[in-house]
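Report on the structure given below.
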Amino acid sequence: METTETITIEREGITASLLVWRRFRRPMPGTVERLYELNPGIAESDAFLPVGAVVLLPIPAVGTSTNEVTPIRLWG
């Protein structure tokens, strides 16, 4: 079961990608696309989410991020 968070847009100039960035503070591949799937009609409105809109934001399960990278050492 997918977890979601309900967010009300309170300011002008908020895009879907900015909303995801402000919530997670890191890239979350696929999250913006899933946000559009969960909120039909948002993509047709404008580049900016309307003030007062209630948006369901998907919360990926722990450990499912495809952005996690294992660091390597170049010098011993």
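Bear in mind that the values in this text are calculations on the coordinates, not laboratory data. As the structure is a prediction and not an experimental result, all values here were calculated from the model. Virtual Cβ from ideal backbone geometry, glycine too; neighbours counted across all protein chains shown.
Quick look at the numbers
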read-out	value
Potential lengthening between T4 and V54 on full extension [0.36 nm per residue; Cα-Cα distance subtracted]	16.8 nm
Relative contact order [Cα under 8 Å, 6+ residues apart], the range 3-59, whole percent	62 percent
Distance in nm between pseudo-label sites at E12 and R25 (7 Å out along the Cβ direction from Cα)	2.9 nm
Amide H contacts of I59 (H built 1.01 Å from N, under 5 Å, at least 5 apart or other chain)	T3, T4, E5
